[in-house]
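First the structure, then my questions, so here it is.
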Amino acid sequence: MQYISYLRVSTENQSRSGLGLDAQKSMIRSFINKDDIILKEYIEAESGKNNNRPMLNQAIADSKQFNATLLIAKLDRLSRNAAFIFKLRDSEVNFRAVDMPDANSLTVGIMAVLAQHERELISDRTRKAMQVKKLRGDRMGNPQNLTDYTRERSLAVRQRNALNHPANKQAMEMIFALRQSNLTFQQIADKLSVMGMKTRNNKDFVASTVRRLYKIKERLESESV
């Protein structure tokens, strides 16, 4: 029998690392007979809820062209969208899932509905977890997803906001002047607190804040020369 193999992982990182792919390939190798032929293998990194997948579309087209069977390791590797599974089933493309080798149209339809229900549950759990984190004030987002350009832009915005705030403008002048007297950043922070000065967030100055404002002022002074 001739097969077109389709493998899917959810992220590019998984695709590069092989995480998830090795398990799918192992399942497929264990499934086929020694006389079976895998004509082509397609690997795609896409979300299961995204039905517009070029590699899968090409795998379907090749299956039709070569009269081959589309072979996947697990049903949810195709999609967790029931309507999409039904559409694929009705397109007259033969496909088999290794985890359900004896599946017929009825069982495939039932499994597709269950897979979609699982996706909806995951989405709902994720949404609720995000809401809880927001209520707790947790920091959102993954710093690993930030590019160098994004980090630089973010830093520039924070520095511009700090520079333009009246409280920080006044503090920077005072910090720069006191620093010329060889005071430490902690000593300067203590003096600012005694003077009743606050940061733009209405907090007491600490050594790290003083140091940051001093560096900004120092850079501005050097650029103006």
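The values are calculated or read from the model by the stated rules, or taken from the named source; none is laboratory data. Just so it is clear, the structure is predicted and the values come from calculations on it, not from any experiment. Heads up, the Cβs are rebuilt from the backbone with ideal geometry, glycines too, and the neighbour counts pull from every protein chain shown.
Restricting attention to region 196-225, which residues are over 38 Å from the mean Cα position of the chain (by Cα), exposed (fewer than 11 other Cβ atoms within 10 Å of the Cβ) and at pLDDT 80 or above?
Gly196
Follow-up. Can you find a residue in region 116-126 that is at pLDDT below 70, in contact with a Leu (Cβ under 7 Å, 6 or more places away or on another chain), part of a helix (DSSP H, G or I) and surrounded by 14 or more Cβ atoms within 10 Å (Cβ to Cβ)?
There is no residue in region 116-126 that is at pLDDT below 70, in contact with a Leu (Cβ under 7 Å, 6 or more places away or on another chain), part of a helix (DSSP H, G or I) and surrounded by 14 or more Cβ atoms within 10 Å (Cβ to Cβ).
Across region 160-209, what is the number of residues that are among the aromatic types (Phe, Trp, Tyr) and over 14 Å from Leu220 (Cβ atoms)?
Result for region 160-209: 2.
Hey, can you tell me all the residues within region 176-213 that are assigned to a helix (DSSP H, G or I) and among the hydroxyl-bearing types (Ser, Thr, Tyr)?
Across region 176-213, the qualifying residues are Ser193, Ser208, Thr209.
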